[in-house]
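K.L.:
Here it is, the structure in full.
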Amino acid sequence: MRVVLATGNPGKLQELQAMLEPLGVEVVPLSQFTRVAVPETGLTFVENALIKARHASQLTKLPAIADDSGLEVDALQGAPGIYSARYAGEHASDEDNLRKLLAALSGRKPAERTARYCCALVYMRWEHDPFPLISQASWEGRITDVPRGTGGFGYDPIFELSQRSVTVAELPAAEKNQLSHRGQALRGLVAQLTRGVQ
């Protein structure tokens, strides 16, 4: 099975390729076809994933998988949310986003720093697929005071797991893929695909 993966984020691409490869799915990144990103005009993770999947399938004439994910912080009423990748500005780096988030939470107690990673994954057979498969998942944790660890990407160095005093950036990649919001959502999507809902 050949599928185009609609993401320009190298971290997401690497994670999803690693998770899909064992299933015999040949993943073709959208960057092989275009460098132009479709505007993410949705108001939810699901809406943005649908926009990206439809765009990728339209361009490539292949089935498409698209992900939209981000970080929700309770004390910030769910921010940065769908704006996670551009929280500090349209062309912000991961470091810029981290600094802005830590500044927004400055002085907050640990109990006020609860957060979750959220992911929506969409699979579309073709661009006008009337029945796209959708899988959503979240991963609970809290925001640390300072970054820790060198793995992962995005907010991983400041996202500490709820049940363990370790950040996502301190986890081995294989363990992150197993536990993460994206890993959970992908397993849900694969379960739908293997039930023959295609």
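The values are calculated or read from the model by the stated rules, or taken from the named source; none is laboratory data. Values in this document were obtained by computation on a predicted structure and should not be read as measured data. Virtual Cβ from ideal backbone geometry, glycine too; neighbours counted across all protein chains shown.
K.L.:
Across the range 152-198, what is the number of residues that are out of contact with any strand residue (DSSP E or B) (no Cβ under 7 Å at 6 or more places or on another chain), more than 23 Å from Ile65 (Cα to Cα) and crowded, with 17+ Cβ neighbours inside 10 Å?
P.N.:
3
K.L.:
Here is a further query. Just the residues that are within 30 Å of Leu105 (Cβ to Cβ) and hydroxyl-bearing (Ser, Thr, Tyr), please, taken from the range 43-92.
P.N.:
Thr44, Ser69, Tyr83, Ser84, Tyr87, listed by residue number.
K.L.:
Out of the residues in the range 10-36 that are over 17 Å from the mean Cα position of the chain (by Cα) and of a type in the set (Val, Ile, Thr), which is farthest from Leu59 (Cα to Cα)?
P.N.:
Ranking the candidates gives Val25 first.
K.L.:
Moving on. Out of Val38, Val27, I need the residue that is crowded, with 17+ Cβ neighbours inside 10 Å, in a loop (DSSP other than H, G, I, E, B) and among the β-branched types (Val, Ile, Thr). Which one?
P.N.:
Details: Val27 fails: in a loop (DSSP other than H, G, I, E, B).
Unique residue meeting the criteria: Val38.
K.L.:
Is it true that Ile65 is among the β-branched types (Val, Ile, Thr), closer than 23 Å to Ser135 by Cβ and in contact with a strand residue (DSSP E or B) (Cβ under 6 Å, 6 or more places away or on another chain)?
P.N.:
The answer is yes for Ile65.
K.L.:
Sticking with this structure for a sec: Would you mind stating whether Arg116 is surrounded by fewer than 22 Cβ atoms within 10 Å (Cβ to Cβ), in contact (Cβ under 8 Å) with a residue 12 or more places away in the chain, part of a strand (DSSP E or B) and of a type outside the set (A, V, I, L, M)? Let's see the steps before the verdict.
P.N.:
Details: surrounded by fewer than 22 Cβ atoms within 10 Å (Cβ to Cβ): yes; in contact (Cβ under 8 Å) with a residue 12 or more places away in the chain: yes; part of a strand (DSSP E or B): yes; of a type outside the set (A, V, I, L, M): yes.
Yes; evaluated as a whole, the condition is true for this residue.
K.L.:
For the range 70-100, give me each residue that is of a type in the set (D, E, K, R), farther than 22 Å from Gln136 by Cβ and in contact (Cβ under 8 Å) with a residue 24 or more places away in the chain.
P.N.:
Asp94
K.L.:
What do you reckon, is Glu140 surrounded by fewer than 18 Cβ atoms within 10 Å (Cβ to Cβ), part of a strand (DSSP E or B) and either at negative phi or not polar (S, T, N, Q) (or both)? Show your work before the answer.
P.N.:
Numbers: surrounded by fewer than 18 Cβ atoms within 10 Å (Cβ to Cβ): yes; part of a strand (DSSP E or B): yes; either at negative phi or not polar (S, T, N, Q) (or both): yes.
The answer is yes for Glu140.
K.L.:
So, Gly154, is that one touching a residue at least 40 places away in the same chain (Cβ under 8 Å), in contact with a helix residue (DSSP H, G or I) (Cβ under 9 Å, 6 or more places away or on another chain) and on the phi > 0 side of the Ramachandran plot or not?
P.N.:
Yes: the conditions hold for Gly154.
K.L.:
Show the residue pairs that are 6+ apart or on different chains and have beta-carbon atoms under 7 Å apart, the first residue being within the range 171-187 and closer than 20 Å to Arg148 by Cα, the second being at pLDDT below 90 and of a type in the set (A, V, I, L, M).
P.N.:
Between residues of the range 171-187 that are closer than 20 Å to Arg148 by Cα and residues that are at pLDDT below 90 and of a type in the set (A, V, I, L, M), the close pairs are Asn177/Ala18; Asn177/Met19.
K.L.:
Follow-up. Small (Gly, Ala, Ser), assigned to a helix (DSSP H, G or I), out of contact with any Pro (no Cβ under 7 Å at 6 or more places or on another chain) and without any contact (Cβ under 8 Å) to a residue 60 or more places away in the chain, is that true of Ala49?
P.N.:
Working: small (Gly, Ala, Ser): yes; assigned to a helix (DSSP H, G or I): yes; out of contact with any Pro (no Cβ under 7 Å at 6 or more places or on another chain): yes; without any contact (Cβ under 8 Å) to a residue 60 or more places away in the chain: no.
Judged against the criteria, Ala49 is not a match.
K.L.:
Being part of a loop (DSSP other than H, G, I, E, B) and either exposed (fewer than 15 other Cβ atoms within 10 Å of the Cβ) or within 20 Å of the chain's Cα centre (by Cα) (or both) is the filter here, so list the residues in the range 87-107 that pass it. Can you show your working first?
P.N.:
Kept after step one, since they are part of a loop (DSSP other than H, G, I, E, B), are these residues of the range 87-107: 87-93, 105-107.
Once the filter is applied, which keeps residues that are part of a loop (DSSP other than H, G, I, E, B) and either exposed (fewer than 15 other Cβ atoms within 10 Å of the Cβ) or within 20 Å of the chain's Cα centre (by Cα) (or both), the range 87-107 yields Tyr87, Ala88, Gly89, Glu90, His91, Ala92, Ser93, Ser106, Gly107.
K.L.:
Looking at Ile134, Ile158, can you tell me which residue is touching a Ser or Thr at 6+ places or on another chain (Cβ under 6 Å) and modelled with pLDDT of 95 or more?
P.N.:
Working: Ile134 fails: touching a Ser or Thr at 6+ places or on another chain (Cβ under 6 Å).
Result of the check over Ile134, Ile158: Ile158.
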